[in-house]
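Since the structure comes first, as structure tokens, the remarks are kept for the end.
The values are calculated or read from the model by the stated rules, or taken from the named source; none is laboratory data. In this text the structure is predicted, and so the values were computed from the model without any measurement. For neighbour counting, all protein chains shown are included, and Cβ atoms are generated from backbone atoms with ideal geometry for every residue, glycine included. Note: accessible area is taken over every heavy atom of the protein model, side chains too, but ligands, DNA and RNA are not part of it. Shrake-Rupley method; radii C 1.70, N 1.55, O 1.52, S 1.80 Å.
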Amino acid sequence: MRAEFWLLVLVLREAARALSPQPGAGQDAGQGSGGATQGTAWGWNRRAGESPGQVSELDRTQLSQDLGGGTLAIDKLPDNGTRVVEDNHSYYMSRLYGPSEPRSQELWVDVTKANQSQVKVHRILSNTHRQASRVVLSFDFPFYGHPLRQITIATGGFIFMGDVVHRMLTATQYVAPLMANFNPGYSDNSTVAYFDNGTVFVVQWDHVYLQGREDRGSFTFQAALHQDGRIVFSYKEIPIPVLEISSSQHPVKAGLSDAFMILNPSPDVPESRRRTIFEYHRVELDPSKVTSTSAVEFTPLPTCLQHRSCDACMSSDLTFNCSWCHVLQRCSSGFDRYRQEWLAYGCAQEAEGRTCEDFQDEDSYSSSPDSSFSPFDADLTTTSSSLFIDSLTTEDDTKVNPYAGGDGLQSNLAPKTTGSPVHLGTIVGIVLAVLLVASIILAGIYINGHPTSNAALFFIERRPHHWPAMKFRNHPSHSTYTEVEPSGQEKEDSQPLSTLGNFKALPVEIFQIILKYLSVKDISMLSMVSKTVSQHIINYISTSSGSKRLLLQDFHDPELPDREDTTILDHYRSLGLLFKRCTLLLPTKDRLKYIHKILADVSCFKFNGCASPLQCVGLLCYGIFLQTLTAGWDELECHRVYNFLCELTNLSRKMQTAVCSKPGSARKLELRIRLFCRNVLLDHWIHRSDSAFWLTCILKPWPMVNQARLLYIIFGPISPQDGQVVWQKMIEEPTDESCLKGLADAIKLLYDTGTKEWTADDVISLVDELSVVPREWLLENNARLLILSGNNICFTFMASKAVNGRTIELARLIVFLALVCEKELYCMDWAVKMMQRVCKVFSTPVERNNFLQSVANAFACAIMEMLQSVMSGDGDDDDRSFMNLFHLVQAQASFHKEVLYLTMNVLSS
């Protein structure tokens with residue numbers, strides 16, 4: 001009932017304010033609608049099209065009243081020549097300068113002329129998509145009255161101003177000159193740079209492109225944070241209207257926003273807390289006014305937080321309804337980032353009907369906040385929450401409430417307060433608390449000394465089976481950002497904790513005993529509870545007992561004896577996830593060093609560590625471990641992993657020895673390279689693009705000739721007896737599909753996945769080089785490889801020969817394509833249609849006729865060569881030659897029959 005009463009009062013007050021506007025200094029009462037649209041202090045958003053008070057068309061002037069502000073701004077239409085638009089948003093006053101205003105050029109900060117020691121181009125942000133990075137300012141920047149020293153720069157054209165860094169940075173608490181789906185990694189010319197000279201901090205997004213719309217041009221703009229609280233948006237290049245930018249994959253907006261966070265008990269896990277973020281104010285710029293060479297300047301307006309005494313607070317004439325909290329010694333309206341403390345200490349009730357004299361006369365009491373809302377709970381500081389606007393459930397149940405100013409929020413969240421403290425009740429409470437703590441300590445000592453007692457067994461049987469963990473939920477309409485961690489900077493705990501807190505009270509020995517009874521998956525989940533728990537687990541892994549238990553080495557007996565239906569491969573997949581979570585806060589280089597230190601004693605993980613590599617699954621386990629560890633990492637981080645492995649194993653030097661030696665002279669080294677590359681780097685990925693990335697890392701540093709040799713070593717045919725590479729297979733006799741399938745799949749991987757490092761010409765050149773490794777292949781094997789590689793590669797390869805005038809080679813290749821189709825029972829019309837496509841490459845009818853004549857001559861020559869082979873052979877060779885001749889004659893007949901069918905169909909149509 002009380003909430004409904006206050007809601008009615010709020011509505012009546014807003015209606016009265018709308019009917020009785022207060023005139024601003026030097027202007028009539030009202031507010032311009034052309035500059036921006038803004039949210040009021042309660043989270044509402046008012047659009048430009050809804051602005052009341054338009055005057056007659058003769059004046060060609062638009063007037064609008066700000067429901068939460070106090071002044072009226074006048075926006076002259078274009079034919080009057082006015083380009084400066086002023087707007088009041090309660091917390092900020094904005095001035096928009098059009099392209100023709102000199103002030104627009106004055107507000108642009110030319111970082112190229114600044115002291116270059118103060119300018120930094122962020123290399124990671126400039127080469128990635130949807131990333132964010134923390135930056136420390138050299139001064140305290142006042143944002144909505146709150147002094148900030150750290151901000152988070154995002155690639156998406158905005159600065160996140162919140163303390164809690166989460167994946168959904170685009171919802172609130174931002175300074176956004178132009179928030180959109182920008183991808184600085186698209187072009188080498190795109191950069192994200194920042195400049196800090198002690199009085200202003202400038203972030204510049206330079207020549208950045210929209211993801212998926214790169215053809216529309218590059219954007220260049222900047223945001224400047226001044227020490228006095230001013231915020232300036234400057235736009236140098238905006239190639240398309242902002243209204244045309246799609247918001248389906250990423251929000252598109254420009255303006256400011258701030259919010260506060262409240263910690264509530266989670267309904268799902270009673271012993272944990274749920275963070276709820278409430279947006280209390282937003283300023284939204286009109287997208288149509290964001291154009292090239294325009295600028296927007298936000299000037300901060302006074303807030304309650306600036307008052308440092310009770311008298312100044314209570315006598316304030318601000319429109320925020322400032323109140324003084326004697327306990328916190330703070331002036332506030334109750335709607336700022338300190339709202340948690342404001343509610344926890346009952347400041348809203350404390351200030352009701354009281355004056356500064358009342359606070360001075362009363363005794364000095366320090367009221368204790370409700371324990372469930374303690375603002376000093378160190379374990380509740382988080383850096384990994386996510387949020388969606390309009391109360392959408394997110395990855396950590398964080399919500400954004402557009403009605404944060406309603407009294408319903410206060411009644412729901414404010415702790416219940418009582419009257420003046422009673423001395424007797426306080427003393428009784430303290431005595432009871434001391435007795436309770438003493439009894440718990442004595443019980444703990446007894447249970448620790450008597451682990452087999454009934455009391456100890458009672459607690460062991462009722463220990464929780466599942467630690468509360470953060471629930472991650474996603475939503476397709478909101479973009480996500482991952483934070484780039486600077487070296488040496490750690491994130492704080494990001495998960496709700498159980499009633500055991502951060503395990504500080506638990507002896508390390510007991511904790512390690514608990515870990516012995518947990519599976520690797522359970523330990524992996526437990527590592528996400530807090531940094532302290534994660535550090536305990538890292539210490540446990542480093543112990544001899546922990547290492548022995550987790551680093552299983554039964555690689556020649558892949559079934560685990562103590563777990564049914566569990567293989568050692570699954571064990572190392574879970575172990576990779578455990579290491580991924582435990583080392584999450586470390587830089588990549590330190591993560592890899594730590595992991596290598598732990599795994600160094602596993603001999604089968606080394607390049608030459610196992611004496612019988614063909615019967616060992618050690619490298620397979622190592623590959624699955626690395627695949628789980630690096631899943632989701634960007635290409636830059638994965639390059640570091642590959643370089644680390646190369647340094648660790650001296651892989652590049654071993655590859656050089658193998659490709660520069662005579663084929664087959666270093667058989668054991670070739671086998672080791674094949675097993676390491678296949679088992680560790682290539683064979684475990686689900687997505688083909690990931691496999692293509694690692695194969696590119698292996699091949700690209702080498703010349704094309706060596707690339708072909710390496711490709712043959714890794715994917716070529718092997719001996720079934722000893723697993724070593726067979727080099728003469730392609731030269732001496734026709735081979736089957738199984739020997740060529742690996743090579744064909746690798747070629748398709750590079751061609752079809754659209755890897756930017758490989759062009760079509762690169763792949764065709766690689767196929768051409770491969771067909772002469774170690775010497776020229778039989779044409780039948782070459783034709784079979786092209787067929788297995790797919791239509792696109794086959795046609796492109798043959799078309800390149802046609803363009804380069806190699807007609808005779810092309811005609812012979814057509815003959816053996818027909819022969820393979822006959823042997824493998826493929827449709828012969830495929831070979832005919834492929835020849836028809838190649839014919840179209842020739843530019844003149846004469847060239848086409850010469851090509852067709854060459855095909856006919858190639859059939860005749862091939863038949864004569866095989867006939868001579870049959871007549872001169874004996875024994876098994878004679879039988880093979882005769883069968884080849886038989887298949888070739890059959891192929892010629894089928895080929896010409898399909899040509900006749902095709903001709904008849906063309907003539908009839």
**Request:** Evaluate E = 1/(1 + (r/R0)^6) for TRP633 and GLN656, where r is the Cβ-Cβ distance and R0 equals 25 Å; express this FRET efficiency to the nearest 0.05.
**Result:** 0.35
**Request:** Would you mind getting me the FRET efficiency between LYS548 and LYS668? Use the beta-carbon distance for r and R0 = 35 Å, nearest 0.05.
**Result:** 0.65
**Message:** Between the stretch 83-157 and the stretch 802-881, how far is it from one alpha carbon centroid to the other, in angstrom?
**Reply:** 67 Å
**Item:** FRET E, pair MET704, SER247, Förster distance 45 Å, beta-carbon r, rounded to 0.05
**Value:** 0.50
**Fill in**
Between the alpha carbon centres of the stretch 655-678 and the stretch 244-260 the gap in Å comes to 54 Å
**Request:** Kindly provide the chymotrypsin sites (Phe, Trp or Tyr not before Pro) of the stretch 797-827 that DSSP labels as loop, not H, G, I, E or B, and whose Cβ sees at most 16 other Cβ atoms within 10 Å.
**Result:** TYR826
**Prompt:** Hey, how many Å between the Cα centroid of the stretch 721-753 and the Cα centroid of the stretch 613-635?
**Reply:** 24 Å
**Request:** Starting from the Cα of THR299, step 7 Å along the direction of its Cβ; do the same at VAL431; then give the gap between the two resulting points in nm.
**Result:** 6.4 nm
**Message:** At a 10 angstrom cut-off on C-beta neighbours, averaged per residue, how do the peptides 622-629, 132-139 rank from highest to lowest?
**Reply:** 622-629, 132-139
**Prompt:** Under a 1.4 Å probe, what is the accessible area of the stretch 775-853 per residue, stated in Å²?
**Reply:** 45 Å²
**Prompt:** How much length, in nm to one decimal, is gained on full extension between GLN728 and ASN804, taken as 0.36 nm per residue of separation minus their Cα-Cα distance?
**Reply:** 24.4 nm
**Prompt:** How much accessible area does LYS531 have with a 1.4 Å probe, in Å² rounded to the nearest 10?
**Reply:** 80 Å²
**Prompt:** What ranking, highest mean first, results for peptides 608-614, 96-102, 666-672 when packing means the other Cβ atoms within 10 Å averaged over each residue?
**Reply:** 666-672, 96-102, 608-614
**Message:** How large is the convex hull of the C-alpha atoms of the stretch 702-804 per residue, in Å³?
**Reply:** 101 Å³
**Request:** Heavy atoms only, probe 1.4 Å: what % of the accessible area of the stretch 285-364 goes to carbon and sulfur, would you let me know?
**Result:** 45 percent
**Message:** In whole percent, and with a 1.4 Å probe on the protein chains, what portion of the accessible area of the stretch 560-686 is carbon and sulfur?
**Reply:** 51 percent
**Request:** Note the full-extension length gain between MET864 and SER439 as 0.36 nm times their separation in residues minus their Cα-Cα distance, in nm to one decimal.
**Result:** 142.7 nm
**Asked** Out of the stretch 302-362, which trypsin sites (Lys or Arg not before Pro) are coil in DSSP terms and have no more than 11 other C-beta atoms within 10 Å?
**Response** ARG308
**Prompt:** With each pseudo-label sitting 7 Å past Cα toward Cβ, what's the ASP228-ARG688 distance in nm, one decimal?
**Reply:** 6.1 nm
**Complete:** Extension length gain for TYR446 and MET871 (0.36 nm per residue less Cα distance), in nm, is 143.1 nm
**Message:** Test of understanding: extend the Cα→C-beta vector of GLU757 to 7 Å, then name every residue of the stretch 605-642 with backbone N under 13 Å from that spot.
**Reply:** 635-642
**Prompt:** Highest mean first, what order results for 232-240, 892-900 on Cβ atoms within 10 Å?
**Reply:** 232-240, 892-900
**Request:** Run the 1.4 Å probe and let me know the accessible area of ASP722, rounded to the nearest 10 Å².
**Result:** 60 Å²
